[in-house]
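The block underneath contains the structure these notes are about, expressed in structure tokens.
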Amino acid sequence: MIGELYEHALAGTARPLVEHADGSRTPLQVDSWLHVRPGDGSIVDRCSGPTLDVGSGPGRLTVALAERGIPALGIDITPYAVHLARAAGALTLLRDVFGRVPGAGRWMTVLLADGNIGIGGDPVVLLRRVSELLTPLGQALIEVQPPGNALRREQIRLRHGSQTSTWFPWAYVSVDQIAEVARNAGLSAAEIWSAEGRWFTSLRPG
């Protein structure tokens, strides 16, 4: 979906922008995915048991979990991101969360960090899939937008000069909407917290 421009951004050879359907553009926060971010510790601290890092990118969280002795697997749809994660020491597979995922129904923790609640453009559908991946006693740890942001579902693409990716669906969910979105997916919000200007929630089945 994201393709070559995203891979060039990870490699540092392009600085693409996220282009929205209304024509507005925002920076693609690639630098923050390559290195430890302020607030990462607060989500890693809450992981317990085998953990699936969905949309793991270059693997910083998967590596951080492994360094703490937590069994962790990253999955991502971008080959170069998987390459970077493996080079950093992360156990990572080239997989789509909606496809075949090892250990489905047995993960104690599923991570959706760095805005990955937006994957697929329908957060209810995504969270229903997350629920299928979790053990009944598990938890999903989700990064969300700060309070005051509207729920948005839209088509976006990457742009670097005259180069563009294909359009793909994405969603933005803030802390204001996550409880309702979770309920619609059969999950319940167990905790909401903020750290270093970032907002997170933990969701549990049922």
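The values are calculated or read from the model by the stated rules, or taken from the named source; none is laboratory data. Being a predicted model, the structure only gives us computed values, none of them experimental. Cβ sites come from the backbone with ideal geometry, for glycine too, and all protein chains shown count toward neighbours. What goes into the accessible areas is simple: the full protein's heavy atoms, side chains included, and nothing from ligands, DNA or RNA. Shrake-Rupley method; radii C 1.70, N 1.55, O 1.52, S 1.80 Å.
Things to note:
- Condition met for Ala190 (open to solvent by 40 Å² or more (accessible area, probe 1.4 Å), of a type in the set (A, V, I, L, M, F, W, C) and not in a helix (DSSP H, G or I)): yes
- Within region 124-142, being open to solvent by less than 20 Å² (accessible area, probe 1.4 Å) and within 17 Å of the chain's Cα centre (by Cα) holds for Leu126, Leu127, Val130, Leu133, Leu134, Gln139, Ala140, Leu141, Ile142.
- Checklist (1) out of contact with any Ser or Thr (no Cβ under 9 Å at 6 or more places or on another chain); (2) modelled with pLDDT under 95 applied to Ala190, failing item: (1)
- Condition check for Ser32: part of a helix (DSSP H, G or I), touching a strand residue (DSSP E or B) at 6+ places or on another chain (Cβ under 9 Å), open to solvent by less than 50 Å² (accessible area, probe 1.4 Å) and closer than 25 Å to Gly197 by Cα: no
- Region 147-166 - residue that is open to solvent by 50 Å² or more (accessible area, probe 1.4 Å), in contact (Cβ under 8 Å) with a residue 40 or more places away in the chain and not β-branched (Val, Ile, Thr) and, of those, farthest from Thr51 (Cα to Cα): Gln163
Table: residues versus (1) closer than 20 Å to Ala66 by Cβ; (2) in a loop (DSSP other than H, G, I, E, B); (3) open to solvent by 50 Å² or more (accessible area, probe 1.4 Å); (4) acidic (Asp, Glu).
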residue	(1), (2), (3), (4)
Leu5	no, no, no, no
Ala14	no, yes, no, no
Val18	no, no, no, no
Arg37	yes, yes, yes, no
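- Test: residue in region 50-62 that is surrounded by fewer than 22 Cβ atoms within 10 Å (Cβ to Cβ) and of a type in the set (S, T, N, Q): no
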